[in-house]
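The values are calculated or read from the model by the stated rules, or taken from the named source; none is laboratory data. Computed from a predicted structure; not experimentally measured. Here the Cβ is made from the backbone with ideal geometry for all residues, glycine too, and neighbour counts use every protein chain on show. Heavy atoms of the whole protein, side chains included, go into the accessibility calculation; ligands, DNA and RNA do not. Shrake-Rupley method; radii C 1.70, N 1.55, O 1.52, S 1.80 Å.
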Amino acid sequence: MSNGNSLSPTPGEALAELMAGNERYVQGGWDLTDFSASRAATVDEHAPIAAILGCADARVAAEMIFLRGPGDLFMVRVAGNFLSEYGLASLEFAVRFL
């Protein structure tokens, strides 16, 4: 989860964190994370470690399968994982500014 540190992980570190979280999820060792509005309100800045294109109809959210907390991922969710100009613009925004 976000550690409140303004230093961003390198792309390799972010990928390693996602892969480690996914391995824990696959092994059944997932953590319960507070996704409540009150928890989200305590986060001072939005500094996701990754931007992900996902399906709007996903049965399991990416935050769960990578064991990340609120704000740790920038998600663009659309039906069928189809990347439109709007979705691409959102992903570009995340990479450039967040």
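Remark: pairs (first residue in segment 9-37, part of a loop (DSSP other than H, G, I, E, B); second residue open to solvent by 70 Å² or more (accessible area, probe 1.4 Å) and at pLDDT below 90; Cβ separation under 9 Å; 6+ apart in sequence or on different chains) = 30/64; 31/1; 33/1; 33/64.
The set of residues in segment 44-98 that are charged (D, E, K, R) and either part of a loop (DSSP other than H, G, I, E, B) or surrounded by 14 or more Cβ atoms within 10 Å (Cβ to Cβ) (or both) comprises 44, 45, 57, 59, 63, 68, 72, 77. Of everything in segment 11-43, what is modelled with pLDDT under 85 and within 28 Å of residue 86 (Cβ to Cβ)? Give them in sequence order. The answer is 35, 37, 40, 41, 43.
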